[in-house]
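**Student:** Please find one structure pasted underneath; my questions will follow.
No lab work stands behind these numbers, since they all come straight from the coordinates. What you are looking at is a predicted structure, and each value in this text was computed from that prediction instead of being measured. Here Cβ is always computed from backbone atoms with ideal geometry, including for glycine, and neighbour counts include all displayed protein chains.
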Amino acid sequence: AQSVTQPDIHITVSEGASLELRCNYSYGATPYLFWYVQSPGQGLQLLLKYFSGDTLVQGIKGFEAEFKRSQSSFNLRKPSVHWSDAAEYFCAVGAGETSGSRLTFGEGTQLTVNP
Amino acid sequence: ETGVTQTPRHLVMGMTNKKSLKCEQHLGHNAMYWYKQSAKKPLELMFVYNFKEQTENNSVPSRFSPECPNSSHLFLHLHTLQPEDSALYLCASSQEHSGNTIYFGEGSWLTVV
């Protein structure tokens with residue numbers, strides 16, 4: 001069975017600082033990987049996804065993530081954080097083209113941005 | 001605007017009430033989902049519908065009853081709920097066999113009193 005671990009429950013960074021949110025997955029084959037963001041009181045918005053090809057993927061709002069098979073990781077990065085990035089971030093893993101119903105989500109990382 | 005619309009956004013109901021949550025997707029997708037998000041818990045998949053047919057029911061209590069009349073609409077009928085059912089209920093949709101990226105609605109906040 002697939003699983004996702006987000007080791008950091010809560011991260012605080014200063015505005016303008018760089019950000020890296022960690023995600024580790026467990027799955028036997030090549031996974032489909034996603035990052036979603038949830039602002040307070042809102043649903044989840046897709047930031048980016050990895051299916052195949054270039055292991056560095058670009059997403060919306062200046063985010064990027066890198067798939068590292070050897071480390072079973074898909075960490076999310078942003079070079080300079082803005083106050084509006086404060087939200088909860090979820091990593092998810094799927095098992096292939098028919099996997100939409102079987103996305104497994106991590107428990108989320110809450111990001112606080114200090115002025 | 002994600003193309004998935006949920007109503008109502010907020011609902012307060014008593015334990016003996018009957019209410020429904022509604023979801024509509026405008027993305028032409030053929031799969032729809034209900035997720036439950038409780039405080040300090042991972043997202044829980046409740047139900048999956050593919051082409052209007054229910055394909056997954058993850059041991060959800062019968063007081064939650066889904067209905068999918070067509071590929072664009074999904075309901076979650078609620079009756080005799082418990083306070084522990086208070087949560088954010090998220091509807092989502094995807095196009096099966098096309099990468100399966102799931103798109104979420106903004107959720108319906110349910111409080112059971």
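**Student:** Report the normalised scattering of segment B:21-87 as log10 I(q)/I(0) at q = 0.13, 0.17 Å⁻¹, calculated by the Debye formula with identical scatterers on the alpha carbons.
**Tutor:** Listed by q, the Debye log ratios stand at -0.36, -0.61.
**Student:** May I ask you to give the average projected area over all directions of the convex hull of the Cα atoms of segment B:74-113, in nm² rounded to one decimal?
**Tutor:** Taking the Cα atoms of segment B:74-113, their convex hull projects to 3.5 nm² on average.
**Student:** So what's the gap between the Cα centers of segment A:48-115 and segment B:1-41, to the nearest angstrom?
**Tutor:** Using only Cα atoms to place each centre, the spacing works out to 24 Å.
**Student:** Take the Cα coordinates of chain B, assign each an equal point scatterer, and use the Debye formula without solvent to give log10 I(q)/I(0) at q = 0.13, 0.15, 0.17, 0.21 Å⁻¹.
**Tutor:** Log-scaled intensity ratios, in q order: -0.44, -0.58, -0.75, -1.14.
**Student:** Could you work out the relative contact order of segment B:64-110, using alpha carbon pairs under 8 angstrom and six or more residues apart, expressed as a whole percent?
**Tutor:** Here the relative contact order equals 29 percent.
**Student:** Something else: Evaluate the relative contact order of chain A (contact order divided by residue number), counting alpha-carbon pairs under 8 angstrom at least 6 apart; express in whole percent.
**Tutor:** 37
**Student:** Once the mean 1/r over all distinct Cα pairs of chain A is inverted, what Kirkwood radius in angstroms do you read off?
**Tutor:** Final number for the Kirkwood radius of chain A is 14.2 Å.
**Student:** With the contact rule set at Cα under 8 Å and sequence spacing of 6 or more, what percent relative contact order holds for chain B?
**Tutor:** Reported as a whole number, the value is 37 percent.
**Student:** Mind listing the lone cysteines of the protein assembly as shown, meaning no other Cys beta-carbon sits under 4.7 Å from theirs?
**Tutor:** B:Cys68
**Student:** With only alpha-carbon atoms counted, please give the Rg and Dmax of the protein assembly as shown, in Å.
**Tutor:** 17.6, 53
**Student:** Past 32 Å, Cα to Cα, is the threshold; run A:Lys68/B:Lys52; B:Lys19/B:Lys41; A:Lys78/B:Lys19; A:Lys61/B:Lys36 against it and keep the listed order.
**Tutor:** A:Lys68/B:Lys52; A:Lys78/B:Lys19
**Student:** Using bins 10 angstrom wide from zero, how does P(r) for segment A:1-42 break down, in % of all Cα pairs?
**Tutor:** Per 10 Å bin, starting at zero, the Cα-Cα P(r) for segment A:1-42 comes out as 19, 45, 29, 8 percent.
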